[in-house]
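Report on the following structure.
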Amino acid sequence: MALLLRDVTIGFTGRRADVRVEGRRLVAVEPVGLPADGAEVVDGRGGTLLPGLVDTHVHLLQWASSRQRVPLAGATSAAHAADLIAAAGTAPGELLQGAGFHAALWPDRPHKTLLDRVLPDQPVALFSNDLHTLWLSSAAMRMADVDHPTGVFIEDQCMALTATLPAPSTDVTDRWVLAATEAAAARGITTIADYEYTDTVADWLRRDTPATRIRCVIAKFLLDETIERGLKTGDPVGDLLTVGPLKIFMDGSLNTRTALCHDHYPDGTYHGELLEPLDQLLPVLRKATGNGIGLALHAIGDRANTLALDAFDHLGVGGRIEHAQLLDPADVPRFAALGVIAGVQPAHQPDDRDAADRHWPGRTDRAFAYASLHRAGATLEFGSDAPVSALDPWEAIAAAVTRTDDDRSGWHPEQCLPMEVAIAASTGGRGTTVAVGDPADLVLAGRDLTGLPPSELRDLPILATVLDGGFTHRT
């Protein structure tokens, strides 16, 4: 069926037009007044038509699950987090879960005894906002058949335990995940890269058709199996599904204080954790690239980013660095020179500004340095890292433009991006305009974005989202 998007503003051009979609392509972009000729008509009312938005970094099962967990973002201490989860009630015989805590600024430390005191014998699992820390009660550790003196697991232990904790049936979680793609479509998203630490290809082949395209990112432990299957990055594997890159962790995170830095953290000589030494990493990366699998290296601290760029330099291939939160100034031009995409999550910056001020003192002028990367010619692609941030592209765009999400002034405003640049970083390389022959993955915003106050971006109404020429959202 054909669609006619009537009276829309084409990107940031200021041009009002009618746009006709037939099948999976745009077939006409003409002055307002095109005849309907049997097409379904949508009145754009001058709103901005853009290419469909892409979230290049999501943990979809974790995001879908977090929507069911007790929110802990407001916890001001470990003891307060324990009180919040206790106030949610008990779940006898089941795992009670909370999510979203930020421990970097707490005056105390998470410990199993805090949970045991408020919820004795109740299995409790609390997930940090950055997903790099898992805090378990004693009963939860017994349930998972693990032991630990504090009940706090970070990095590899956290990831492995998260994958093995008791969970609802796959029928239930699959419904949660599909509902999450529908919510993403309602915010204009047409493509999601799923970084879940599972066999994402198998998971998505099992599920019903999502409301967005899905890039099935490959976890390191599945590299050999992926090669045996003959799968390569970009290969289609099902309706709306393609194979994504291989995800490798170079370091940890800022809030867990495991991001690998050139300089030590303020509380001692600790520099963070290197999770993949270069001499061990390069053979793995060569195996991947030699078999047609692209690379996405997680690097947050400046030392981790230096090593990740060194790896790409050794290999002679481009790829992605995910997060790139703290950069050595000498490394900024290397992204463009090596053809490495900076896959960044701008909504992290307002969340982490206080933690960065405390743990990266004197270096924050090069933290979340999006304008520096853009000026140096690097390709920026935005994501959310949901559930670390909400799966909403307008949160990322607003954060990149304003560098704040509260009543404080922008943090290091010299790193703000123009709105058009921020939106272009959210369209997967398609820019901000549409033309005849383009794929019919589109989003129609309810406002003309030219001159829109940045303060209104987070609440921007979305009139319609089109995927492959059909509506996945319409108001």
Residue-by-residue Karplus 3J(HN,Hα) for segment 275-292, coefficients 6.51, -1.76, 1.60, Hz, glycine and proline x:
8, 9, x, 4, 5, 7, 6, 4, x, 5, 5, 5, 4, 5, 5, x, 10, x
Can you work out ³J(HN,Hα) from phi for every residue in segment 369-384, in order, using Karplus 6.51 cos²θ - 1.76 cosθ + 1.60 and θ = phi - 60°, giving whole Hz and x for Gly and Pro?
8, 5, 5, 4, 4, 4, 4, 7, x, 6, 7, 9, 10, 8, x, 10
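Relative to the Cα centre, what is the charge dipole magnitude of the chain, using +1 at the beta carbon of each Lys and Arg, -1 at the beta carbon of each Asp and Glu, and rounding to the nearest 20 debye? Spell out each step's value before the answer.
On the way: 40 positive and 63 negative charges, 119 e Å.
Roughly 580 debye, rounded to the nearest 20.
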For Arg213, list long-range residues whose amide hydrogen, built 1.01 Å from N in the peptide plane, is under 5 Å from its own amide hydrogen.
Thr191, Ile192
Would you mind getting the accessible area per residue of the chain, heavy atoms of the protein chains only, 1.4 Å probe, in Å²?
38 Å²
Counting pairs of alpha carbon atoms under 8 Å apart in space and at least six apart in sequence, what relative contact order in percent does the chain give?
19 percent
In nm, give the distance between the simple-model label positions of Ala2 and Arg375, each being 7 Å from the Cα along the Cα-to-Cβ direction.
4.9 nm
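Between His80 and Ala163, how high is the FRET efficiency from 1/(1 + (r/R0)^6) when r is the Cβ-Cβ distance and R₀ = 25 Å? Nearest 0.05.
Details: r = 28 Å, r/R0 = 1.13.
The computed FRET efficiency comes out at 0.35.
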As a test question: what accessible area, to the nearest 10 Å², does Val401 have when a 1.4 Å probe is rolled over all protein chains in place?
20 Å²
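Given +1 on the Cβ of Lys and Arg, -1 on the Cβ of Asp and Glu, and no further charges, what dipole in debye does segment 39-152 carry about its Cα centre, rounded to the nearest 20?
Values: 7 positive and 11 negative charges, 35 e Å.
The dipole magnitude comes to about 160 debye.
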What are the ³J(HN,Hα) values, in whole Hz, obtained from phi via the Karplus relation 6.51 cos²θ - 1.76 cosθ + 1.60 with θ = phi - 60°, for each residue of segment 200-212 in sequence order, with x given for Gly and Pro?
5, 4, 4, 4, 6, 5, 6, 7, 5, 5, x, 8, 9
With labels modelled as points extended 7 Å from the Cα through the Cβ direction, what inter-label distance (nm, one decimal) is found for Asp310 paired with Arg286?
1.7 nm
If the chain between Glu22 and Leu178 were fully stretched, how many nm would it gain, using 0.36 nm times the residue separation less the Cα-Cα distance?
53.5 nm
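If the viscosity is 1.002 mPa s and the temperature 20 °C, what translational diffusion coefficient in µm²/s does Stokes-Einstein give for segment 207-319 when Rh comes from Kirkwood over Cα pairs? Don't jump to the answer; show the numbers that get you there.
On the way: Rh = 15.3 Å.
Rounded to a whole number, D works out at 140 µm²/s.
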So Asp239 and Tyr270, fully extended at 0.36 nm per residue minus their Cα-Cα distance, gain in nm 6.4 nm
For segment 362-475: relative contact order, % (alpha-carbon pairs under 8 angstrom, 6 or more apart)
21 percent
Once Lys and Arg are counted +1 and Asp and Glu -1 for all other residues with Cβ under 13 Å from that of Arg25, the total becomes -2
Rounded to the nearest 0.05, what FRET efficiency do Asp407 and Glu228 have when you use their Cβ-Cβ distance and R0 = 56 Å?
0.55
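222 nm [θ] for the chain, helices only, -39500 (n - 2.57) per DSSP H run of 4+, per residue, to 500? Mind dumping the intermediate values first?
On the way: 15 runs with 139 residues, N = 475.
-8500 deg cm²/dmol, from helical runs alone.
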With a 1.4 angstrom probe the carbon and sulfur portion of accessible area for segment 1-122, in percent, totals 51 percent
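Given a Förster distance of 30 Å, report the FRET efficiency between Ala73 and Asp121 from their Cβ-Cβ distance, rounded to the nearest 0.05.
The computed FRET efficiency comes out at 0.65.
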If I fit a long axis through the Cα atoms of helix 393-402 and take the longest principal axis of the Cα atoms of the chain, what angle between them do I get, 0 to 90°, rounded to 10?
80 degrees
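The values are calculated or read from the model by the stated rules, or taken from the named source; none is laboratory data. Every value quoted in this text rests on a predicted model; they were computed, and no experiment measured them. A quick note on method: Cβ atoms are made from the backbone with ideal geometry, for glycine too, and the neighbour counts reach across all protein chains shown. Protein only, heavy atoms only, side chains kept; ligands, DNA and RNA dropped before computing areas. Shrake-Rupley method; radii C 1.70, N 1.55, O 1.52, S 1.80 Å.
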